[in-house]
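S.K.: One structure, pasted below without further comment.
The values are calculated or read from the model by the stated rules, or taken from the named source; none is laboratory data. Just so we're clear, the structure is a prediction, and the values are computed from it rather than from any experiment. Every residue, glycine as well, gets a Cβ built from its backbone with ideal geometry; the counts of neighbours run over all protein chains shown. The area values use the complete protein model at the heavy-atom level, side chains included, leaving out ligands, DNA and RNA. Shrake-Rupley method; radii C 1.70, N 1.55, O 1.52, S 1.80 Å.
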Amino acid sequence: MTAAHRDEDADPESGPVVIVDGDVTWNFDRRFLTSNWTCIWGRGCKGILDAPAEHLDQGCCSIGAEMADADEAMTISALAATLDADLFEHRNAVDGDDVFSDSTRTNTKVVDGACIFLNRPGFAGGQGCALHLAALRAGESPTGWKPSVCWQLPLKVDWVLSADGTETATVRGWERRDWGDEGATMHWCCTEGPEAYIGDRPVVESLADELTTLVGHEVYVTLRRRLR
């Protein structure tokens, strides 16, 4: 462990896991990362509408995905252009604004009450995110295909920039307040009730790919060792 990459847990039993990696200090929420939360999309997920809607199987796709920046919008557009109709149920909804809600290209289009990429139940190519399905078909990680806000859920990173130029990044579970205005009317938030805490592995293992993409391989390996 180098001076630029060290562990600094104040409370190794219940406090956050603290890993300093160069100019970034990572604070990991030990409780959430060691919990058995798991995504229950298609297995009783109530969605993010103002009433429970398990029958829709929309999960958190009832609103268009927000792009992180123009580069991400360009990537999503390019990937969408490669999707065949057998994997992309709403390909015909692509128009002059591409897969986006308007010319600002900040959000994906909503089609019939959900994201344009969401294949509905009964679709022959498989229900769920068309980008996710395409990534699996290509033998690649969905984190390289889906909008970052989609693959990061339910992980949330809070960044704080210090006056000296260093940053503190807190990795925790997504909460109702993180949805913004939509969070106030949501009937259910999957991390706040017991329904989704039924996984057979801790989050640090089940979301290994997502965590590695967020924090880098070396930091993830250190985190995994500390939470073993």
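S.K.: Applying the selection to the stretch 58-96, what residues are of a type in the set (A, V, I, L, M) and either in contact with a Pro (Cβ under 9 Å, 6 or more places away or on another chain) or assigned to a helix (DSSP H, G or I) (or both)?
M.R.: Hits for the stretch 58-96 are ALA65, MET67, ALA68, ALA70, ALA73, MET74, ILE76, ALA78, LEU79, ALA80, ALA81, ALA93.
S.K.: Moving on to the next point. Does any residue in the stretch 126-155 that is on the phi > 0 side of the Ramachandran plot come within less than 9 Å, Cβ to Cβ, of a residue that is assigned to a helix (DSSP H, G or I) six or more places away or on a different chain, and which pairs are these?
M.R.: Going by the 9 Å Cβ cut-off, the qualifying pairs are GLY126/LEU133.
S.K.: Moving on to the next point. Of MET74, MET67, which residue is out of contact with any Asp or Glu (no Cβ under 7 Å at 6 or more places or on another chain), more than 16 Å from GLU210 (Cβ to Cβ) and in contact (Cβ under 8 Å) with a residue 40 or more places away in the chain?
M.R.: Only one candidate qualifies: MET67.
S.K.: So which of LYS109, LYS146 ends up being open to solvent by 20 Å² or more (accessible area, probe 1.4 Å) and either in contact with an Asp or Glu (Cβ under 7 Å, 6 or more places away or on another chain) or more than 30 Å from PHE32 (Cα to Cα) (or both)?
M.R.: LYS109
S.K.: Collect the residues in the stretch 14-36 that are open to solvent by 10 Å² or more (accessible area, probe 1.4 Å), touching a residue at least 24 places away in the same chain (Cβ under 8 Å) and not in a loop (DSSP other than H, G, I, E, B), keeping them in residue-number order.
M.R.: Passing the criteria: ASP21, VAL24, THR25, TRP26, ASN27, ARG30, PHE32.
S.K.: What number of residues in the stretch 190-210 are at pLDDT 95 or above, farther than 20 Å from THR143 by Cα, of a type outside the set (Val, Ile, Thr) and open to solvent by less than 60 Å² (accessible area, probe 1.4 Å)?
M.R.: 3
S.K.: Within the stretch 152-163, restricting attention to residues that are at pLDDT 95 or above, of a type outside the set (A, V, I, L, M) and open to solvent by 30 Å² or more (accessible area, probe 1.4 Å), which residue is nearest to the chain's Cα centre (by Cα)?
M.R.: GLN152
S.K.: Identify all residues within the stretch 37-59 that are open to solvent by 40 Å² or more (accessible area, probe 1.4 Å) and under 26 Å from TYR220 (Cα atoms); write none if there are none.
M.R.: CYS39, TRP41, listed by residue number.
S.K.: Here are the criteria: (1) open to solvent by less than 80 Å² (accessible area, probe 1.4 Å); (2) hydrophobic (A, V, I, L, M, F, W, C); (3) closer than 25 Å to LEU214 by Cα. Tell me which single one ALA85 does not satisfy.
M.R.: So ALA85 meets the others, but not (3).
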